[in-house]
Amino acid sequence: MRARLLLVAGLALLAGACSGTGTGAKAPAPPDKQLLTGKWKNSGELLLVTGYEFAEDGTLKVTIRGMEQPVAGRYTWKGERTLDLEFDAGADVQQAYEAAAKAYKDDVNNRIKAGKLQDRAGPPILGAVRDKWPNSETFQVGLSAKPPTLILSDEHGAPKTFEKAD
């Protein structure tokens, strides 16, 4: 009988902890959207997108490794944590991006061959690089004031972390 009582009490505690009704289950506060404006740089050495610049007027620029000019576009907030980006990606932008993406992939493959990167690093790094620049993207956003950090998670949940460059 005592074992049964302990089992029921343990299951009740476990169910309460897993139900999300406890004091630690609060959703985080929505980000301060004003923190988004400014320049953000990617601190990772091996990432194709090296930075974003968000202006107060809803315009943005995306800096791509290997491209002379950033990709221009517009951004809008959709809800509390979703950011929609639309790009002005004409034929010249597509051509420049495709060349930059190819050079980037070649560089990653050369690093793997030279032993500077492990073989297993190749597929996730190369798999994240699109062959063509998209007309639009949607990200889930995390923003922090201290330290100034921007986290953009794509539709697959893959996060990209940026730090304030201003």
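The values are calculated or read from the model by the stated rules, or taken from the named source; none is laboratory data. Values in this document were obtained by computation on a predicted structure and should not be read as measured data. Glycine gets a Cβ as well: all are built from the backbone with ideal geometry, and neighbour counts include every protein chain shown. Just so you know, the surface numbers come from the protein's heavy atoms only, side chains and all, with ligands and any DNA or RNA stripped out. Shrake-Rupley method; radii C 1.70, N 1.55, O 1.52, S 1.80 Å.
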Please give, to one decimal in nm, the separation of the simple spin-label points placed at residue 106 and residue 46, each 7 Å out from Cα toward the Cβ.
2.0
Counting only protein heavy atoms, what percent of the accessible surface of segment 50-162 is carbon or sulfur at a 1.4 Å probe?
50
Need one value: the accessible area of residue 82 in square angstrom, 1.4 angstrom probe, rounded to the nearest 10.
20
Reported to the nearest 10 Å², residue 119 has, with a 1.4 Å probe, an accessible area equal to 120
Could you tell me the relative contact order of segment 31-166? Use alpha-carbon pairs under 8 Å, at least six residues apart, and round to a whole percent.
27
Could you tell me which trypsin sites (Lys or Arg not before Pro) in segment 40-120 are loop residues by DSSP with no more than 14 other beta carbons within 10 angstrom of their beta carbon?
116
If you count only protein heavy atoms and use a 1.4 Å probe, how large is the accessible surface of residue 155, to the nearest 10 Å²?
120
